[in-house]
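The values are calculated or read from the model by the stated rules, or taken from the named source; none is laboratory data. Treat the numbers as computed from the prediction; the structure is a model and nothing was measured. Methodologically, a virtual Cβ is constructed for each residue, glycine included, from the backbone with ideal geometry; neighbour enumeration extends over all protein chains shown.
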């Protein structure tokens with residue numbers, strides 16, 4: 001029994017798991033080696049209805065809710081975290097476009113997104129700072145019926161592969177902080193936009209890199225939300241993605257734990273299976289308990305979102321705890337496998353992949369500040 005998933009959602013999750021094991025898992029290591037995201041696989045995911053199913057039907061979605069997105073997301077992530085970025089970016093950027101985009105701009109892009117024909121990125125971080133997300137320097141100036149963008153964004157997931165990107169830039173004064181930021185939708189084929197790619201430790205198929213804007217001109221109707229209010233309005237969607245990230249990394253940890261239990265039960269030492277030794281079985285039992293509990297917390301956050309109930313603190317809990325827990329759990333699984341786990345292979349790739357989420361999309365320190373502000377009040381936690 002799961003208090004958050006009904007029979008339909010359980011069936012959906014099983015459907016997604018079969019697809020993930022049959023189509024996504026086989027290319028897991030090859031995509032890490034080549035650093036190439038499989039666009040054909042992305043289109044297949046779209047055809048199966050696995051991309052942003054929570055979007056309204058008028059935008060090509062299925063209106064299924066956040067929990068539906070969650071169960072699909074964790075099924076894909078268990079097979080390949082990089083491929084599950086397709087789901088993560090689609091759900092985050094899709095809801096922003098649907099809620100704040102002009103219909104004539106948003107609708108065609110959302111239809112392509114859901115069909116697996118377009119990959120969207122989100123550009124917030126800048127070279128001078130990441131955690132201080134509202135203190136942006138990328139300049140957006142209104143010139144006639146266009147916005148002109150100049151500056152740099154960095155550490156952007158799918159920077160060199162995305163077809164479009166949601167860009168946060170400064171239209172107000174630097175002193176205005178979050179209240180002088182505007183969000184724009186920018187197709188990546190516009191003149192003046194160039195891109196680079198980093199050689200990251202993990203998540204190599206999706207990649208990370210920088211975006212450089214030199215007099216990039218975007219029509220006014222590509223603005224998302226109100227001018228100077230983009231950060232305040234659009235950033236609310238990050239509660240959704242934080243809960244999804246929790247499920248994403250915990251799915252990887254669960255796959256590692258399941259394999260480690262099987263391995264330890266079959267491998268013998270001193271005439272007994274490894275599971276007979278508490279030094280082996282108890283650490284696995286410890287992490288199995290925590291991963292199970294953390295998953296329920298992530299599902300609870302999505303359950304609250306589907307009911308339009310406050311869930312910022314719960315989402316922040318998912319984002320700081322789950323990536324650290326997943327990394328620690330997979331690390332223990334790698335040690336359980338001995339040199340077989342230490343060799344370059346599935347287990348060490350999982351460890352590399354989940355590590356990035358302790359850095360990107362909001363650090364643990366930022367998430368704990370969000371929790372503190374929710375519990376104690378923003379005035380009691382000003383920084």
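Key figures
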| item | result |
| --- | --- |
| Residue that is modelled with the lowest pLDDT, among those in the stretch 117-136 that are more than 25 Å from residue 305 (Cα to Cα) and surrounded by 14 or more Cβ atoms within 10 Å (Cβ to Cβ) | 130 |
| Any hit, the stretch 179-188, residues being in contact with a helix residue (DSSP H, G or I) (Cβ under 9 Å, 6 or more places away or on another chain) and over 30 Å from residue 314 (Cα atoms) | yes |
| Residue among 352, 344, 307 that alone is within 24 Å of residue 243 (Cα to Cα), without any contact (Cβ under 8 Å) to a residue 12 or more places away in the chain, surrounded by fewer than 23 Cβ atoms within 10 Å (Cβ to Cβ) and out of contact with any strand residue (DSSP E or B) (no Cβ under 8 Å at 6 or more places or on another chain) | 307 |
| Residues (in contact with a helix residue (DSSP H, G or I) (Cβ under 6 Å, 6 or more places away or on another chain), surrounded by 14 or more Cβ atoms within 10 Å (Cβ to Cβ) and modelled with pLDDT under 95) located in the stretch 32-66 | 32, 59, 60, 61, 65 |
| Listing of helices (runs of 4 or more DSSP H) fully contained in the stretch 272-383 that carry 1 or more residues being farther than 30 Å from residue 135 by Cα | 278-306, 312-336, 339-342, 346-355 |
| Of all residues making up the stretch 219-230, the number that are surrounded by fewer than 22 Cβ atoms within 10 Å (Cβ to Cβ), assigned to a strand (DSSP E or B) and at pLDDT 90 or above | 1 |
| Sole exception among (1) in contact with a helix residue (DSSP H, G or I) (Cβ under 6 Å, 6 or more places away or on another chain); (2) at pLDDT 95 or above for residue 370, by number | (2) |
| Check on residue 254, farther than 17 Å from residue 347 by Cα, in a helix (DSSP H, G or I) and assigned by TED's automatic domain parsing to the domain that holds residue 329 | no |
| Residue 335 being out of contact with any strand residue (DSSP E or B) (no Cβ under 8 Å at 6 or more places or on another chain), at pLDDT 95 or above and surrounded by 16 or more Cβ atoms within 10 Å (Cβ to Cβ) | no |
